[in-house]
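To start, the structure itself, in structure tokens.
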Amino acid sequence: MPAPALHHTSHRIEVAAPAGVVYGLLADAERWPLFFAPTVYVEPLDLEGPGQRLRMWARAEGRITSWITRRVLDPGARRITFRQEVTSAAVDSMRGRWHVEQRAGGSSLLTLERQFTAAEGHLAPDRIGDANIRAHLANLKSLAERWAVLDELVVTVEDTVRVDGPSELVYGFLYRAAAWPGTVPGVAGVRLVEEVPGIQTLRAQDGAQDTVAVRLCFPHGGLIVYKVTKAPEAVSGQAGQWSVEPDPSGVTVRARHQVVLNEHEVARVPGQDAHLADARRRVRERLARDSAALLHLARQHAEDAARALTPSGLPGRS
């Protein structure tokens, strides 16, 4: 039986930003879900030294796929080599490298080279990952070329609440988002689809806004992560997570939400002040308000249910 064909691809893009900025965006893989449209979640498995072992989830061809990759970072050469230890369904093997070269005038040239063997019965080799790579490169170029204001474009909100109740009840409330309308303020309607257990597509209506998100649910780890795929006006990216952490005295629930603003769209939102600082304030206030309301309801749900299940709360008991 002949050996599988080894395919080679190369993608290049010029970026009007310093090579160090471009390399930094590539090296910080944990922020890829926030910055790059195809990536849904990156779980760090091992970050010791220059090597990284990561499990990655991404949207590809209308579904969620995942793989485990090992990367070696070389910041001096601005090079990242990678090899998939556990491949996605489309390939039997995958390795390659990212390389960023400094160009005259402060710009840089980014090259992605891949070598892979295609899995039988999947996409034609010239289509494997091509759409995602093009989207990734376009996002990276847009972000890197705004590097001078990038820190101002990112808004982060973190919130924590203690719950005197079972972690399963807290997690269940966050997981069953289809039941949120009428309970969670501002959520007028939710359509939730879960064709594969633990992978949800959620469409939420909030007044005139219509937001679509992908959610990955890890009940054994008490974790739900999300990536917004259709964002509100003036937002170019949003991602976050809820973690439910039990301990001997109760449960800690942590929420983290991050947004990347599109400063060009900020000026086009009708009836709003066009200043980036004002947009940051409005988005931070909205995220903080919505996050606190949801965590309060999750706590209330768990504590009320826990009280109802205690012997004194059972029917017929006094």
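Odds and ends about this structure:
- Taking Lys and Arg as +1 and Asp and Glu as -1, the other residues whose beta-carbon sits under 15 Å from that of Ser107 total +2.
- Computed E for Arg191/Leu45 - FRET, C-beta separation, R0 41 angstrom, nearest 0.05: 0.75
- Length gained when the stretch Thr117-Ala308 is fully extended (0.36 nm per residue, less Cα-Cα span): 63.1 nm
- Model label sites at Arg70 and Ala178, defined 7 Å from Cα along the beta-carbon direction, differ in position by 4.2 nm.
- With each label modelled as a point 7 angstrom along the Cα→C-beta vector, the Lys230-Thr9 pair spans 2.7 nm.
- For segment 151-313: rounded, prolate or oblate by the Cα gyration tensor [a/c cutoff 1.5]: prolate
- Rg/Rh for segment 1-76, where both radii come from Cα atoms and Rh is the Kirkwood radius: 1.02
- Principal axis analysis of the Cα atoms in segment 7-145 yields extents of 46, 32, 25 Å, listed in decreasing size.
- ³J(HN,Hα), Karplus 6.51/-1.76/1.60, whole Hz, each residue of segment 289-295, x for Gly, Pro: 5, 5, 5, 5, 5, 5, 5
- FRET efficiency for Arg162 and His275, using Cβ-Cβ distance with R0 set to 45 Å, rounded to 0.05: 0.75
- Rh by Kirkwood over Cα pairs, then Stokes-Einstein D for the chain at 0.692 mPa s and 37 °C, µm²/s: 151 µm²/s
- Taking other Cβ atoms within 10 Å as a rough exposure proxy, His11, His220, His257, His301 sort from fewest to most as His220, His11, His301, His257.
- Inter-label distance for Val86 and Asp206, nm, one decimal - labels placed 7 Å from Cα along Cα-to-Cβ: 3.3 nm
- Sparsely packed trypsin sites (Lys or Arg not before Pro) within segment 90-122, loop by DSSP, other Cβ within 10 Å at most 14: Arg103
- Short-range pairs are left out: with C-alpha atoms under 8 Å and at least six residues apart, the relative contact order of the chain is 16 percent.
- Theoretical gain in end-to-end length, Arg55 to Gln102 [0.36 nm per residue, Cα-Cα removed]: 13.9 nm
- Segment 46-61 and segment 66-140: distance between their alpha carbon centers, rounded to Å: 12 Å
- On full extension, the segment bounded by Phe218 and Ala288 gains 22.8 nm, given 0.36 nm per residue less the C-alpha separation.
- Computing FRET efficiency as 1/(1 + (r/R0)^6) for Leu109 and Asp247, where r is the C-beta to C-beta distance and R0 is 51 Å, gives about 0.50.
- Residue-count net charge about Ala177 - beta-carbon cut-off 12 Å; Lys, Arg +1, Asp, Glu -1: +3
- Close amide H pairs (under 5 Å, H built 1.01 Å from N) link Ala60 with Thr65, residues at least 5 positions away or on another chain.
Every number here is computed from the coordinates shown, using simple stated rules; none is lab data. Please read all numbers here as calculations on a predicted model, not as lab measurements. In this analysis, Cβ positions are derived from the backbone assuming ideal geometry, glycine residues included, and neighbour counts consider all displayed protein chains.
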